[in-house]
Amino acid sequence: MMRTEQARPIRLEDYRPPDWRVETVELDVSLHPTATKVRATLKMSPNGETVPAPIVLEGDGLTLTSLKLDGSELHPDAYVATPDSLTIAQPPAGTCYLQIDTLLDPSANTQLMGLYRSSGTYCTQCEAEGFRRITYFPDRPDVMAVYTTRIEAEKSEAPILLANGNPVRAGDIPGTTRHFAEWHDPFPKPSYLFALVGGNLACVEDNFVTMSGRDIVLRIYVEPGKEDRCAWAMDSLKRCMRWDEEAFGREYDLDIFMIVAVNDFNMGAMENKGLNIFNDKYVLASPETATDTDFASIEAIIAHEYFHNWTGDRITCRDWFQLCLKEGLTVFRDQEFTSDQRSRPVKRISDVRLLRAHQFVEDAGPLAHPVRPREYREINNFYTATVYEKGAEVVRMLKTLLGPSGFRKGMDLYFERHDGEAATVDQFIQCFADASGIDLTQFMLWYSQAGTPEVVVTGSYDPAAQTYRLDVAQAVPPTPGQPVKEAMVIPLAVGLIGPDGRDMSLAFNDGRPVVRGVLTLNQPAQSFTFVGVPHRPVLSLNRGFSAPIKVTANLSADDLKFIAAHDSDPFNRWQAVQSLANTLLTDNVAAIRGGGTPHDDEELIAALAALLNDPALEPAFVALMLTMPSEADIARDIGRDVDPDAILAARTRLRTTIGARLGPALRETYRRLQEDGPYSPDAASAGRRALKNACLDLLAAAGVSAIALAARQYHQATNMTDRIAALTTLSHYGVPERQAAIDDFYRRYAADPLIIDKWLSLQAAIPEPATLERVRALTAHPAFSLANPNRVRALIGAFAQSNQTQFNRADGAGYAFLAETVLALDPKNPQVASRLSTAFRSWRALEPVRRAQAETALRHIAAEPKLSRDVNDIVSRSLDGG
Ligand code: PHE
Ligand code: ZN
């Protein structure tokens, strides 16, 4: 097939420093709905050469209206301007000023990259390569400049005008209905961190005194009328600012910090220096409109973007291959913040569930790539679970290997050594090596080798010698472009649990100490022997999920039940229950497919009963314990020849059994956790609601009387968490109460798109054959719009990602629908279309009928001649790789 759009891949090994630096950028932006004028004045200097290299600036769909060099109009022969580049072949030998005028149509910008309008508000999104859609520029992160931005607009249309940095001046433009504002950001930054906003926005203001006593103005801008939904975001912001001072010694640096919430946003949020722009979903919350999960996400994302100020903005990335340098590290930082604010074990379990659901799946399929990729065709496709979540795990392993104080020393050195620079992953790791004296050469494989390491452990007890021996083997499976792998450095936290349920002390036979309970694996096969073990212990492996690996060990069902009841490591108590459930579910899926009879697991039921009745446990933790592996979890565990219908049947059977067998305890817990007081989003209250609603859901699985309970909870709920939980439970059963509640929900919340997103998602997730038609019908509902990424993700994304049986219909209709949607969306918003198309990434693991159907749908997308580079990259890698 001929594909002219197939761009040449960009390679890490081809990196060269820029020929020209930009010292300052002066932007003068005159906002207009369809004809915005941008004047960029760049002070440029050659980067060392005596004979100056040509100036080559990137553009994307630009219209040049004027070009001046050092104050005079450039002769048309002196440059070449296309929509995608601007080249001056013979620039002057030294520093020069380039004045570039471009003309933009923000209303026509449906990609939501560059300058666009979201419900009338002008805003920008420049990461990764959006600045080139505003003006011609060396649009690469190692070009760091000081920006001054002047914005001008109609006062009535855009009374609020914002940009990065501190405000300089503002005022009316005499004799017109227009006004202006000027902002200056003294910190040199790459173009992807540039932002401006203009619109009619309301503002909530607060302040923060930093550790050195500086007074910072904090502002959150939202649509007028939504000010009363900003309190939680503001509270989260102040808490994370304090935390970064205490945990990392990092203080805020400008006089003002602003957050703007917009309706139309491709991602979650963006860390533009001093002016974070957010998807409104991650700002707005009140008890009536947002769930506990929403409150937790807002807290985490506010923190994530704020933490980028040091890990991303002050120290940025040299090139986009280093994306994990800011993202993995910043995810690690926001995870630690949440762990300190809430429950550390609950946070760890939740994060590992997400890692397995997204990153392990990515690593096992055709889109697998290293945490630091070596090449890309479209950088937007590398904002992945591997870069973010596995990237965070790699930082976490570093902390495990070095210990808390060694890790902190390395971080301090990183901030000291690279502040103000565009750095690399190698430079980051070097700081830890220098601070600790530990050689991290082999550790770097975590950045270069894709695939989830598989570790097999055999434990054997010698009662005569009173020793316990671990034989450990590791292997990394092949991934696209990487058939053969080397052994990794794996910090494996272990424990030996004695018959009394207490940890035994660990001592190696060669006298070396076992530092912090961590074994360091670094060979394909190795063994460790512990001495002074008086009884046969139960082995607890990969405690706290100390490494992002798959572990198999010779543990019996009794061992797992023992771990679930006694392990001092809460993560492994949870993991033991999951392991018991996985074994049962895998067996039963095979039985169902083979026409056999599924069975129950008494050990699992007994373990769950004990946990449910243990008053010492946090409710949020018990709720996680009661949550059985998802259909996607089971599919991932099975790994090949996947039949989603059999998986749903096995899982439903298990939930029905739990609901029936633990009925009285579940009912009692549900009753005990009813609360009448005012709603509070704190972690303990949220945990009680989570457990209550987990009980309700299991009870409903077991019988009809709980349907009435769910219907009652739906109608009487005083907060969104309880209301949506009851509705979700109801939605899985074809009872009359269901449609009544679904219709009621729409009537109540029709005016609020973020709430209606929940309504779209829950209908898309119903595991029954009528769902595809329901989803199709909803695409024509006035509440739906293909132009808004949140709506698309809520309906289509939920269908493709969380409805295993209906997306993977054996007749291929689910795949055909997704392909159709991807093709319809691609010309408008390639980034969102591309992300949707990743739902096909596990197609090769399906049973043959579905596999063939999925391949047909993928080839149908691939056959479109005008496919975006974004979708083309995902679809062609999905078809080639693996
Ligand atoms: N850098 C953003 C974050 O992780 C994510 C993002 C990427 C947003 C690209 C927009 C575009 O916080
Ligand atoms: Zn980020």
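The values are calculated or read from the model by the stated rules, or taken from the named source; none is laboratory data. All values reported here derive from a predicted model rather than from experimental measurement. Every residue, glycine as well, gets a Cβ built from its backbone with ideal geometry; the counts of neighbours run over all protein chains shown. Surface accessibility is based on the protein's heavy atoms, side chains included, excluding ligands, DNA and RNA. Shrake-Rupley method; radii C 1.70, N 1.55, O 1.52, S 1.80 Å.
Give the Debye-formula value of log10 I(q)/I(0) at each listed q (0.04, 0.09, 0.10, 0.11 Å⁻¹), with one equal scatterer per alpha carbon of the chain, two decimals each.
-0.18, -0.98, -1.22, -1.49
Where does the range 1-134 land on Rg/Rh, using Cα atoms and the Kirkwood Rh?
Here the Rg-to-Rh quotient is 1.00.
Please give the Cα centre distance for the range 230-262 versus the range 807-859, rounded to the nearest Å.
Distance between centres, Cα-based: 40 Å.
How large is the translational diffusion coefficient of the range 820-866 in µm² per second when you combine the Kirkwood radius over alpha carbon pairs with Stokes-Einstein at 20 °C and 1.002 mPa s?
191 µm²/s
For the range 298-384, what ratio Rg/Rh do Cα atoms give with a Kirkwood hydrodynamic radius?
My calculation puts Rg/Rh at 1.00.
With a ≥ b ≥ c taken as the square roots of the eigenvalues of the C-alpha gyration tensor of the range 129-263, please select rounded if a/c is under 1.5 and otherwise prolate if a/b is larger than b/c or oblate if it is not?
Taking the square roots of the gyration eigenvalues as a ≥ b ≥ c, the range 129-263 is oblate.
Assigning unit charges at the beta carbon (Lys, Arg +1; Asp, Glu -1) and nothing else, what dipole magnitude in debye, to the nearest 20, does the range 412-461 show about its Cα centre?
That gives the range 412-461 a dipole magnitude of about 220 debye.
Take the Cβ-Cβ distance between ASP70 and VAL168 as r, set R0 to 22 Å, and report the resulting FRET efficiency rounded to the nearest 0.05.
E(calc), rounded to 0.05, equals 0.30.
Could you give the distance between the Cα centres of the range 544-576 and the range 325-389, to the whole Å?
Going from one Cα centre to the other spans 22 Å.
Sticking to Cα atoms, compute the Rg of the range 638-795 to one decimal and its Dmax as the biggest Cα-Cα distance, whole number, in Å.
In order Rg, Dmax, the Cα atoms of the range 638-795 give 16.7, 50 Å.
Provide, in order from the shortest bin, the percent of all Cα-Cα pairs of the range 717-859 in each 10 Å bin, continuing until the bin that contains the maximum pair distance.
The percentages, shortest bin first, are 11, 42, 32, 14, 1.
Let me make sure I get this right: for the range 269-336, a, b and c are the square roots of the gyration tensor eigenvalues over alpha carbons, sorted descending. Under 1.5 in a/c it's rounded, otherwise prolate if a/b > b/c, else oblate. Which is it?
Taking the square roots of the gyration eigenvalues as a ≥ b ≥ c, the range 269-336 is prolate.
From the cross-link list LYS226/LYS281; LYS347/LYS399; LYS238/LYS273; LYS273/LYS390, which pairs have alpha carbons spaced over 19 Å apart?
Those over the limit are LYS273/LYS390.
Under a 1.4 Å probe, what is the accessible area of the chain per residue, stated in Å²?
Per-residue accessible area for the chain comes out at 38 Å².
Could you tell me the distance between the Cα centroids of the range 30-75 and the range 779-793, to the nearest Å?
Distance between centres, Cα-based: 38 Å.
Tell me, what % of the accessible area of the range 600-755 is carbon and sulfur with a 1.4 angstrom probe?
Accessible surface attributable to carbon and sulfur in the range 600-755 totals 54 percent.
Could you pull the accessible area for THR856 with a 1.4 Å probe, rounded to 10 Å²?
Solvent-accessible area, nearest 10 Å²: 90 Å².
Students sometimes get this wrong: rank MET144, MET267 by accessible area, probe 1.4 Å, all chains present, largest first.
MET267, MET144
At a Cα cut-off below 17 Å, give the lysines reachable from LYS485, other chains included and same-chain residues fewer than 8 away excluded.
Within the straight-line cut-off, LYS485 pairs with LYS550.
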